[in-house]
Every structure is written in structure tokens, then in C-alpha cells.
Amino acid sequence: MVEKGSEWVVMATGRSPTNIAVIKYWGKRDENLILPINDSISLTLDPLHLSATTTAAVSPSFTRDRMWLNGKEISLSGERYQKCLREIRRRANEVSDAEKGIVIKKEDWERLHVHISSYNNFPTAAGLASSAAGFACLVFTLAKLMNLKDDLGQISSIARQGSGSACRSLYGGFVKWAMGNNTDGSDSLAIQLAEETHWTDLVIIIAVVSSKQKETSSTSGMRESVQTSALIKHRAETVVPARTLKMEEAITNRDFASFAKLTCADSNQFHAVCLDTSPPIFYMNDTSHRIINLVEKWNISEGTPQVAYTFDAGPNAVLVSPNRKTAALLLQRLLFHFPPNKDINLTSFVVGDKTILQDAGVTSMKDIETLEPPPEIKDKVPYQKFMGDVSYFICTRVGSGPKVLTDETLALLDPITGLPK
Ligand code: ADP
Ligand code: DP6
């Protein structure tokens, strides 16, 4: 290591998106390496609305590895963080900064410590996959700092060891996590099926559902499913392989009807596996079920899918519509059935791409109160409204993969002290 002066800090900053699976990963064949029992497919969500930003810094003055998440120091002692750090360090290369007169040799990385600061632009640990964006961003940014080979596939297989679903956040657009066959996990990595520019019409609305109950974590939930469910075996061996091929075809052809049918069926089967687990796991709640009913009723009345729904290990609904026009009709239906509590304002009730609100003809809280019941329920069964059951909606779209942020003002660590700004 060549040092100019006694103290220096070298930093890198990256931003990574989150993702939502339309063919779910549920179940590991190797808990330690995080190797799944089936392939999965996801949509990367627009980082403008849901992403993690991470700055990683190295300096000879740092005495231990440290990390801050959303401004608070957290422990890096957990096995998943340790694995990511270890795997990245193992592959680190020489870094030189001619301007600062610094050369960090390959072997230096083993004894140098890092500081990491990360910030999520959406709620952490609230069922919106902050762990996927977070681990993807951690690994991506450390890989830049330590000058790893530009091999996103390999980087995704390291992110996989932080959290399985994180490996899919290394690419934008439409992504497959190939389960792989190797026992060392070297071929269990993410592959981009299509870029975000391939199918730009899709609009995504996330209904963040109020939930007081603490959910079973994905990690322990899927372990229990593998140990006790007979359905999960059939799903992994027979259903998912065929469904994955069909989903790839639907994405290639931008075939929304097929995409929607497969997405809903796969979400429903994942939750059926949870119910088939002993003791059963309930991730969806009454509001989730009401959203499914609303969509199914609408789809049936139109004779063709208008919207696809999918739910991860929690009650939040992720709804995909084929275009802005349908998204506006969906938002009208959602606001009609799930109006906000009286004390909430529209700006905080519908966040993200607010232009969908204008398309839906909703520009004030008054407009929500005067929404007409949708035609598929009119004059038929009596309908109910569930005020406050959805906390808020996020309107977004399919987005791009991780990026290096070169603008130093966006760095989360001070370039002199290496501590959070
Ligand atoms: P979520 O549903 O948001 O994924 P989880 O409880 O599954 O919630 O995961 C949250 C955990 O993921 C956090 O406690 C933290 O360990 C990790 N995590 C979240 N965001 C980040 C981040 N930006 N960088 C690193 N780790 C993160
Ligand atoms: C339901 O990736 O959170 O969201 O690998 O144990 O960290 P670990 O689990 P995690 O599981 C995600 C499960 C899911 C489906 C999916 O994203 O494919």
C-alpha cells in the first residue's frame, strides 16, 4: 500500500432497486449457501420510488468494519453480512487513485476495514423488500470500491448469500434467478431476461396494507414449508419449471393476459404452500383477500385480465396493469373500496408517480368521496368500504438496475472522516 500522508479515505456510492417476484422463490436446498429449490422471475422496480443508496469507504485509519442503516449504526456481525464482506474481499483487486497518490494492493484488502452507510428511500423492514435492495446495493457498492471484475452474474451470486431475492436486484427490467445445479452455488445466479425498455407500458401499484401482526420471516417460513409441506415439492418439481418457461414467453411477447394469469396463479400457489405448512403460515390478511376479490371480479367481468396481483411474505398487494389507462381505472377502484382515514392527505396517501392520480380524475380528497362504485359491482351485491385498511399506495413502474453515483454530494459518508454525514 502506498500512502500519501497518514490519513486518506477512498469511497464508492451505488444505488440499487428492489424487485417483486412474479414466479416466487420459496424454499432452499442449501440453507448455508442460499440455494433455492426452484427458479424465480421478478420485475425490478423503479429506483426513483424504491431503492437503497449505499456508500462504502476504506481508510487505514478505520479500526473495524462498521455500518449505518438509515443513519443508525447496526451490527455487521450477522453471518449474512460477514459472508458478503468475505466473498467480496476474496475477489478484490488493486485500486489506484493517481490524483490522491494512493495504491491499494490486492492483498491489502484483507487487513483494511470498511465503513458503510446505507439509506432506503422507502420503509425498511415493512414488507417492501428492503433486504433485497439493501444486500444488492451493499455488494454492488463494495464490488466497485474493491474493483471487482465487472461480472454482474458473479456479483449477484454474492448478493444471493445476503438474501436470496437480492440477487435479482442486480439487473433492471425482467430478471430470472436460475436455481443452478452446482453444489457450490457457482451457477445459482441472476440473468436478465429483458431490459426495462422492453415493456414500458406496465404500471405497478403497491397497496401498503396496514398490519399489526408480526409476520414469520421469509427465511424461517420457507424452512418450515420445506420441512412440512407436500405441496412445495410438487410446486418446485413440476409446476414452477413449466410456469417459468411460459412466463419467459409471456414477457418476450409482451403478452399481458398470459403474464397476469401466471403471476396470479403463482402468488396463489405460494400462499397455498404457506397454508400447507405445519403449523400454517398466514401472510395475507382480510384486506389482501379483498383486493384479490376486487381484481378477480373485475377481470371476470371484462372477460380478459385487466390487472395481475402478487403478494410476498406479507399482506401488501403488488398490482400490475398493462397500461396507464387501466392503471387509472384500478386506482379508482382501490380508492373507492379503501379510502384513507380522515386525517390523511392525498399527497401522503398516493406516493410515487402521482400522474396516475390525474388520469384517475382524483386531485383532492373530495374526489375520492364522490367516486362511483365500479360497474362490475353496481346493482348487484351490496358493497362495503374499508376506510384506513390500506395505509398508502405507491405508483411505480419497471425500472433500471444498480448504478454507481459519481456525484460526491450524494455520498452518505464524509470524504474526510469516513463517518456518516
Ligand atoms: P423487508 O420486507 O423490508 O425486506 P426484512 O425484515 O426481510 O424486511 O429485512 C430487513 C433487513 O434487511 C434489515 O433489518 C437489514 O438487516 C437489511 N437491510 C434493509 N435495508 C438494507 C440496506 N439498505 N443495506 C443493508 N441491509 C439492509
Ligand atoms: C416471498 O429472499 O427474503 O419474497 O433468502 O432467506 O433471505 P432469504 O429469503 P428472501 O425470500 C423472499 C421470498 C419472497 C419471494 C421472492 O422474492 O421470490
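The values are calculated or read from the model by the stated rules, or taken from the named source; none is laboratory data. Please read all numbers here as calculations on a predicted model, not as lab measurements. Please note: Cβ atoms are built from the backbone with ideal geometry, for glycine as well, and neighbour counts cover all protein chains shown. Heavy atoms of the whole protein, side chains included, go into the accessibility calculation; ligands, DNA and RNA do not. Shrake-Rupley method; radii C 1.70, N 1.55, O 1.52, S 1.80 Å.
General remarks:
- Peptide packing: for 96-109, 168-181, the average count of neighbouring Cβ atoms within 10 Å per residue gives the ranking 168-181, 96-109, highest mean first.
- If you wrap segment 165-207 in the convex hull of its Cα atoms and look at it from every side, the mean projected area works out to 3.9 nm².
- Evaluating 6.51 cos²θ - 1.76 cosθ + 1.60 at θ = phi - 60° for every residue in segment 135-146, the Karplus couplings come out as 5, 4, 5, 4, 5, 4, 6, 4, 5, 5, 4, 9 Hz, glycine and proline recorded as x.
- Loop-located trypsin sites (Lys or Arg not before Pro) across segment 186-253 with a Cβ neighbour count of 13 or fewer within 10 Å are Lys212, Lys214, with loop assigned by DSSP.
- Helix 218-228 axis, angle to the chain major axis (alpha carbon atoms, nearest 10°): 70 degrees
- When Glu237, Glu196 are compared by accessible surface with a 1.4 Å probe, the order from highest to lowest is Glu237, Glu196.
- For segment 203-396, the number of Lys pairs with C-alpha atoms closer than 13 Å, counting only pairs eight or more positions apart or on separate chains, is 4.
- GNM flexibility winner over the chain from Pro305, Pro241, Pro322 (Cα, springs under 10 Å): Pro241
- Taken over the alpha carbons of segment 203-396 as equal point scatterers, the Debye sum produces base-10 log I(q)/I(0) values at 0.08, 0.13, 0.20 Å⁻¹ of -0.29, -0.75, -1.42.
- Centre-to-centre, using Cα atoms only, segment 356-421 and segment 167-197 are separated by 27 Å.
- For the chain, modelled as a GNM whose springs connect Cα atoms under 10 angstrom apart, the maximal fluctuation among Ser40, Ser220, Ser391 occurs at Ser220.
- Nearest-10 value in Å² for the accessible area of His234, using the 1.4 Å probe: 90 Å²
- Sparse-neighbour loop sites [GluC sites (Glu not before Pro); segment 1-62; at most 11 other C-beta within 10 Å; DSSP]: Glu31
- The heavy atoms of Leu112 present about 10 square angstrom of accessible area, all protein chains included, probe 1.4 Å.
- Listed residues Arg29, Arg111, Arg160, most fluctuating in the chain (Gaussian network, C-alpha, under 10 Å): Arg111
- Extension gain, Lys325-Leu410: 0.36 nm per intervening residue step, less the Cα-Cα distance, totals 27.1 nm.
- Overall, segment 188-335 carries a charge dipole of about 340 debye about its Cα centre when +1 sits on the Cβ of Lys and Arg and -1 on the Cβ of Asp and Glu, all other atoms neutral.
- Cα centre as origin, Lys/Arg/Asp/Glu Cβ charges: the chain dipole, Debye: 440 debye
- Segment 272-306 and segment 101-132 have Cα centres spaced 37 Å apart.
- The alpha carbon centroids of segment 1-66 and segment 226-248 are separated by 28 Å.
- As computed over the chain, the Cα convex hull volume per residue (Å³): 145 Å³
- In segment 270-359, the chymotrypsin sites (Phe, Trp or Tyr not before Pro) that fall in loop regions by DSSP, at most 16 other Cβ within 10 Å: Phe282
- Residue-count net charge about Pro315 - beta-carbon cut-off 13 Å; Lys, Arg +1, Asp, Glu -1: -1
- Accessible surface, per residue, of the chain when the full set of protein chains is kept, probe 1.4 Å, Å²: 43 Å²
- Here the accessible area of the chain is 52 percent carbon and sulfur, with a 1.4 angstrom probe and all protein chains present.
- Helix content alone sets the calculated 222 nm mean residue ellipticity of the chain: runs of n ≥ 4 DSSP H residues at -39500 (n - 2.57) each, divided across all residues, give -9000 deg cm²/dmol.
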